[in-house]
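A.B. asks: Okay, here's the structure, questions in a sec.
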Amino acid sequence: MNGSARKAVATASVLVFALLLAGCNPYVAAISATYSVATDERSIATQASDTDIEAQIKAALLESPVPGTGNLDVTCRQGIVLLAGVVPPGSPAGHAAVQIARGTPGVRGVETFFVAAQPSQVNDLEIKAKIKAAFVADPNITSGRVDIAVYAGHVVLIGVVPGEEQVEEFISDAQSVPGVVSVRSYIQLPMQ
């Protein structure tokens, strides 16, 4: 390895180390959380309620005797719960998860997005990263307002945005990413 290559590797190593430290820094985490709360279209009370609902459902899914419920993702926006993940054909996990979610106080509705299998989590993570990059690059939207999940190339968008134009922009940006099989939007407008 020549001198310039060593210098590039050393510089890259220092940058990676600095990024790792920044991720562990409680001040960086606090600023990130504060920014997320401040830019969210939901009221602080609604955000707190949604977070509580998610926690209750996740805990109940983990405690459920039905195999597979603990592996499902739970997201709540404005009292609407999305259960998403892998549920093999014939598995009772999806039905059990819906029953748990419906029985949770504060839940206004339950939506599901289940796939039969997830062949490559690595591919799904790559697609998710590319979608995030597309969101950040788009000056017409605030990327932190919508969460992204990818299951076998199928993209799920969850969030609350101020207008229908932003909903369409998020969907369009996600559809533009190579490897995306489909995009399902659970993006909501703020409650009046």
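The values are calculated or read from the model by the stated rules, or taken from the named source; none is laboratory data. As the structure is a computational prediction, the values presented were derived from the model and not from experiment. Quick reminder, even Gly has a Cβ in these numbers, built from the backbone with ideal geometry, and neighbours come from all protein chains shown.
Each row is one residue, and each column tells you yes or no for (1) part of a helix (DSSP H, G or I); (2) under 18 Å from the mean Cα position of the chain (by Cα); (3) on the phi < 0 side of the Ramachandran plot.
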| site | (1), (2), (3) |
| --- | --- |
| Pro65 | no, no, yes |
| Pro88 | no, no, yes |
| Val98 | yes, no, yes |
| Thr104 | no, no, yes |
| Val110 | no, yes, yes |
| Phe113 | no, yes, yes |
| Glu126 | yes, yes, yes |
| Asn140 | no, no, yes |
| Gly144 | yes, yes, yes |
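A.B. asks: Which residue, of Gln175, Gln166, Gln188, is more than 13 Å from the chain's Cα centre (by Cα) and buried (at least 20 other Cβ atoms within 10 Å of the Cβ)? First the steps, then the outcome.
C.D. replies: On the way: Gln175 fails: buried (at least 20 other Cβ atoms within 10 Å of the Cβ); Gln188 fails: buried (at least 20 other Cβ atoms within 10 Å of the Cβ).
The conditions single out Gln166.
A.B. asks: Let me ask something additional. Considering only residues that are under 18 Å from the mean Cα position of the chain (by Cα) and either assigned to a loop (DSSP other than H, G, I, E, B) or free of Cβ contacts under 8 Å to residues at least 24 places away in the same chain (or both), which ones fall in the stretch 67-86?
C.D. replies: Listed by number, the residues that qualify are Gly70, Asn71, Leu72, Gln78, Gly79.
A.B. asks: Turning to a different aspect of this structure: Given the criterion among the polar types (S, T, N, Q), modelled with pLDDT under 95 and within 19 Å of Val74 (Cβ to Cβ), identify the matching residue among Gln192, Gln118.
C.D. replies: So the residue among Gln192, Gln118 that is among the polar types (S, T, N, Q), modelled with pLDDT under 95 and within 19 Å of Val74 (Cβ to Cβ) is Gln118.
A.B. asks: While we're here: Restricting to the stretch 43-76, and then to whatever is among the polar types (S, T, N, Q) and more than 22 Å from Ile148 (Cβ to Cβ), can you tell me which residue is surrounded by the fewest Cβ atoms within 10 Å (Cβ to Cβ)?
C.D. replies: Here the answer is Ser43.
A.B. asks: When the stretch 38-62 is examined, which residues are found to be of a type in the set (Gly, Ala, Ser) and more than 16 Å from the chain's Cα centre (by Cα)? Step through it out loud before you land on a result.
C.D. replies: Step one: of the stretch 38-62, the residues of a type in the set (Gly, Ala, Ser) are 38, 43, 45, 48-49, 55, 59-60.
Answer for the stretch 38-62, where residues must be of a type in the set (Gly, Ala, Ser) and more than 16 Å from the chain's Cα centre (by Cα): Ala38, Ser43, Ala45, Ala48, Ser49, Ala59, Ala60.
A.B. asks: Considering each of Gly79, Gly85, Gly153 in turn, give the residue that is within 25 Å of Glu41 (Cβ to Cβ) and either of a type in the set (Gly, Ala, Ser) or surrounded by fewer than 19 Cβ atoms within 10 Å (Cβ to Cβ) (or both).
C.D. replies: It is Gly79.
A.B. asks: In this structure, does Ala137 turn out to be surrounded by fewer than 13 Cβ atoms within 10 Å (Cβ to Cβ), of a type outside the set (Val, Ile, Thr) and assigned by TED's automatic domain parsing to the domain that holds Ala174?
C.D. replies: It is true that Ala137 is surrounded by fewer than 13 Cβ atoms within 10 Å (Cβ to Cβ), of a type outside the set (Val, Ile, Thr) and assigned by TED's automatic domain parsing to the domain that holds Ala174.
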